[in-house]
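To start, the structure itself, in structure tokens.
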Amino acid sequence: MPEDAPDAAAPAGDSLATAPARLAAHVDDRSPRGIAATVARLVRSGELVPGDRLPTVRELAAELGVSPATVSGAWQALAGVGLVVSRGRAGTYVQPEPASWLPPRYRDLATGAPAARLDLSAGTPDPALLPALGPALRRVAERTPAAGTGTYLSAPLVEPLERLLRASWPFAPERLTVVDGAVDALSRTLEQVARFGDRVVVEDPCFPPILDLLDQLGLERVPVALDRQGLRPDLLAAALDTGASVVVLQPRAHNPTGVSMTATRARELARVLRAPREGPRVHVVEDDHSGDICRAPDVSLGQHLPHRTVHVRSYSKSHGPDLRIAAVGGPAAVLDPLVARRMLGPGWTSRLLQEVLVDLMTDGDAMGAVLDARRVYSARQRALTGALAQHGVHVPPGDGINLWLPVADEAAALVRLEAAGIRVAPGSPFVASTGHADGERPAHVRVTVGVLRDDVDAIARALALAAA
């Protein structure tokens, strides 16, 4: 009888989902990747359907002759891409196909809360503080024939923008290019420096789309905590000893905590990365997502490790999210294949939009608008943290547009704020580590301070009551 044929001897009700032996019979590759791929294939074929309860980790591990950790890794990979959901002691179930086009953690941030009088959840810049695009578009339109926008094989990075980037980059990169936003840059870089199953150091807490991206690429995250100066060197050393081959970090205005890496901390981390250890050389990928609106200096590990650091600088928060431009600079060994692979997809980021960014980076009014935005965001951080302190909640002001607010209970805080007409982002999607017992990890919510204009004391009072 063919392997995929139904087992006529199976008792009624003994479905593929609940019978470990029948599910195990479909598994050829007994690695976490192979087990996850088998279950995904069975879901796509309809042999496993939404609502099916999968065997327990121990049951399937016993049938396959592997460790429970191997099956647990497969279940985590499937949960990461939204195919299954764990319900604790009730078991792990096949999920309906997601109705949303958003990845799982993005979806957790974007849905589930009603419309609010004041939305402090989005993590986006204040539109009123972005430089005006109209004048830049008019000026660029007048010189379009000289912009080289009509060719397929021209350099993907226009020369005026490359000059500006090189003049402001925190270290001297061998190569520079631009892509369609910071997450696009992270994705394309990770595809060059990591392979399926590799371990990647991430900050804990971490920007949720980074965690979604690692899950999609089949990479195992190794969470490392931060302090007020950035990634902790002692914990980074321990993470690298597990065999991690890539470090992803946010050097400025860390999302969600607002922490910016100091120059001293960068030297300490570089010393850890230089230490001899077995395995391939570790690459560093830096996500400078807030760029020019940050108060902190542009500190980079590329100043110490230029041949293994890829630095990403986004212009979304400073010049406009819909420009979809992030610059990427680093070693030729990473950037050259990245650009070559991209030529087989989108090819390049619109040279017309690159010319618009050049105009915004050189026009006096636009430059003044970005500088003013930096000052306003800083003032809003100080105003809210000062008002919170008056209500008994002490949080150091961070850099950028977000505040990481500790709360006694995340769900209760969200409900209380919704009742007050205020929406914030839940903290749980930002958590990179797993396995914490209930109550062991402090709960938080993320507050986008950047769009907070008026009624600071009243909002601080509502946040303090929700946090209690």
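For every residue, the table says whether it meets (1) open to solvent by 60 Å² or more (accessible area, probe 1.4 Å); (2) hydrophobic (A, V, I, L, M, F, W, C).
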{"site": "LEU417", "(1), (2)": "no, yes"}
{"site": "ARG446", "(1), (2)": "no, no"}
{"site": "ILE459", "(1), (2)": "no, yes"}
{"site": "ALA468", "(1), (2)": "yes, yes"}
Find all pairs meeting these conditions: Cβ atoms under 8 angstrom apart; at least six residues apart or on different chains; first residue within region 58-83 and within 19 Å of ASP198 (Cβ to Cβ) and touching a residue at least 40 places away in the same chain (Cβ under 8 Å); second residue among the hydroxyl-bearing types (Ser, Thr, Tyr) and surrounded by fewer than 21 Cβ atoms within 10 Å (Cβ to Cβ).
THR70/SER31; GLN76/THR434
Only one of PRO131, PRO170, PRO114, PRO160 is modelled with pLDDT of 95 or more, more than 23 Å from VAL285 (Cβ to Cβ) and not in a helix (DSSP H, G or I), namely PRO131
State whether one or more residues within region 250-272 are closer than 21 Å to LEU335 by Cβ, out of contact with any Leu (no Cβ under 6 Å at 6 or more places or on another chain), crowded, with 18+ Cβ neighbours inside 10 Å and in contact (Cβ under 8 Å) with a residue 40 or more places away in the chain.
yes
Can you give me the number of residues within region 199-218 that are more than 21 Å from ASP288 (Cβ to Cβ) and modelled with pLDDT of 95 or more?
1
What is the one condition in (1) among the hydroxyl-bearing types (Ser, Thr, Tyr); (2) open to solvent by 40 Å² or more (accessible area, probe 1.4 Å); (3) more than 19 Å from PRO321 (Cα to Cα) that THR362 does not satisfy?
(3)
Condition test on VAL140, is it surrounded by 14 or more Cβ atoms within 10 Å (Cβ to Cβ), modelled with pLDDT of 75 or more and more than 22 Å from GLY218 (Cα to Cα)?
yes
Selection from region 361-400 of residues that are part of a loop (DSSP other than H, G, I, E, B), out of contact with any Phe, Trp or Tyr (no Cβ under 8 Å at 6 or more places or on another chain) and either without any contact (Cβ under 8 Å) to a residue 60 or more places away in the chain or closer than 19 Å to ARG228 by Cα (or both):
VAL393, HIS394, PRO396, PRO397, ASP399
Is it true that some residue in region 37-47 is surrounded by fewer than 15 Cβ atoms within 10 Å (Cβ to Cβ), farther than 24 Å from SER187 by Cβ, in contact with a His (Cβ under 9 Å, 6 or more places away or on another chain) and modelled with pLDDT under 90?
yes
Conditions first: (1) under 30 Å from the mean Cα position of the chain (by Cα); (2) open to solvent by 50 Å² or more (accessible area, probe 1.4 Å); (3) closer than 13 Å to ALA24 by Cα. VAL57 passes all but one, so which condition is the exception?
(2)
Which listed residue, of ALA237, ALA225, is over 15 Å from ALA77 (Cα atoms), touching a helix residue (DSSP H, G or I) at 6+ places or on another chain (Cβ under 7 Å), part of a helix (DSSP H, G or I) and open to solvent by 20 Å² or more (accessible area, probe 1.4 Å)
ALA237
Could you tell me which residue of region 419-429 is farthest from LEU211 (Cα to Cα), considering only residues that are part of a helix (DSSP H, G or I) and open to solvent by 30 Å² or more (accessible area, probe 1.4 Å)?
ALA419
Go through region 253-294 and report how many residues are part of a loop (DSSP other than H, G, I, E, B) and over 24 Å from PRO209 (Cα atoms).
8
Hits in region 298-341 - residues which are charged (D, E, K, R) and either part of a loop (DSSP other than H, G, I, E, B) or modelled with pLDDT under 95 (or both)
ASP298, ARG308, ASP322, ARG324
Can you work out which of the residues in region 448-457 that are hydrophobic (A, V, I, L, M, F, W, C) and assigned to a helix (DSSP H, G or I) is surrounded by the most Cβ atoms within 10 Å (Cβ to Cβ)?
VAL449
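The values are calculated or read from the model by the stated rules, or taken from the named source; none is laboratory data. Predicted model, so just to flag it, every value in this text is computed and none were measured. Note: ideal-geometry Cβ built from the backbone for every residue, glycine included; neighbour counts use all protein chains shown. What goes into the accessible areas is simple: the full protein's heavy atoms, side chains included, and nothing from ligands, DNA or RNA. Shrake-Rupley method; radii C 1.70, N 1.55, O 1.52, S 1.80 Å.
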